[in-house]
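**Student:** Before anything else, here's the structure in question.
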């Protein structure tokens, strides 16, 4: 996974892109890998529909937006044509997100989107997306797009083409304001946008039993950039029961890189747990 952004972000696999400021248990991991590996045999629309299904199943909504029980989870599409809508309906047919049946709706205005839990903006909505997003101020709404400018417009997850396959990137700052949580397993699969120099590419591995509630990406040190320093830093993180990072111990890596990672991780926040836990974070820095 990689970090990039407006000086700060995570990305899964490839290059960096300028953007704004930062799943899965075994079956879910398998589902995501099947989507990725099967892309050559599936249409682009089917792959994107599969990603939307997985996001719906693996994200955690605040109680006010998606209370317990059998209430439907609405996946809405703005600017979707009939072939895509049919592909998505077929993909989610009979599926549940926890106890919630999945329903697909076509929407065209901010007013209609307020009843949704997810909104997928097709590329045809590029000119309208930012205005609509600015009108969507409620929490518990996951905004997904497929245009290079989508994260800069206030989006949260963006589906992007990467060497012939579809990948996704995440803006964690915007996502955090929605109060929707993604598991650390999703984060390790994402290309995301929050916390690193756009002049460097980074890859992260999070070995954790605790879910992340808030993340800040390491900044690629200026001196490291000047000398084209690359390498992997690793830290051990002691997390208190309330999710606060209590201690960060540098385990390995060049001091410049390890200190950058430690500074960032000290600002992380995990989900509460019954006892203190120790987590391991590895981060690979390299010049772009």
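**Student:** Could you check region 262-277 and list, in sequence order, the residues that are surrounded by fewer than 16 Cβ atoms within 10 Å (Cβ to Cβ) and out of contact with any strand residue (DSSP E or B) (no Cβ under 6 Å at 6 or more places or on another chain)?
**Tutor:** 263, 267, 272, 273, 274, 275, 276
**Student:** Applying the selection to region 149-172, what residues are surrounded by fewer than 22 Cβ atoms within 10 Å (Cβ to Cβ), at pLDDT below 90 and not in a strand (DSSP E or B)?
**Tutor:** If the condition is that a residue be surrounded by fewer than 22 Cβ atoms within 10 Å (Cβ to Cβ), at pLDDT below 90 and not in a strand (DSSP E or B), then 163, 164 are the ones that fit.
**Student:** To continue, here is another question. Kindly indicate whether any position in region 20-34 is assigned to a helix (DSSP H, G or I), more than 15 Å from the chain's Cα centre (by Cα) and at pLDDT 85 or above.
**Tutor:** So far as region 20-34 goes, no, none of its residues is assigned to a helix (DSSP H, G or I), more than 15 Å from the chain's Cα centre (by Cα) and at pLDDT 85 or above.
The rows are residues; the columns are (1) assigned to a helix (DSSP H, G or I); (2) surrounded by 15 or more Cβ atoms within 10 Å (Cβ to Cβ); (3) at pLDDT below 90; (4) assigned by TED's automatic domain parsing to the domain that holds residue 176.
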residue: 74; (1), (2), (3), (4): no, yes, no, yes
residue: 87; (1), (2), (3), (4): yes, yes, no, yes
residue: 103; (1), (2), (3), (4): no, no, no, yes
residue: 115; (1), (2), (3), (4): no, no, no, yes
residue: 131; (1), (2), (3), (4): yes, no, no, yes
residue: 134; (1), (2), (3), (4): yes, no, no, yes
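**Student:** Within region 193-210, can one find any residue that is touching a strand residue (DSSP E or B) at 6+ places or on another chain (Cβ under 7 Å), modelled with pLDDT of 75 or more and either within 27 Å of residue 47 (Cα to Cα) or in a strand (DSSP E or B) (or both)?
**Tutor:** no
**Student:** Here's something else I'd like to know. Only residues that are more than 20 Å from the chain's Cα centre (by Cα), within 24 Å of residue 136 (Cβ to Cβ) and part of a strand (DSSP E or B): list them for region 89-101, please.
**Tutor:** 100, 101
**Student:** For residue 241, are the conditions met, namely being at pLDDT 80 or above and more than 22 Å from residue 173 (Cα to Cα)?
**Tutor:** It is true that residue 241 is at pLDDT 80 or above and more than 22 Å from residue 173 (Cα to Cα).
The values are calculated or read from the model by the stated rules, or taken from the named source; none is laboratory data. This is a predicted model, so every value here is computed, not measured. Cβ coordinates were reconstructed from backbone atoms using ideal geometry, including for glycine residues, and neighbour counts include every protein chain displayed.
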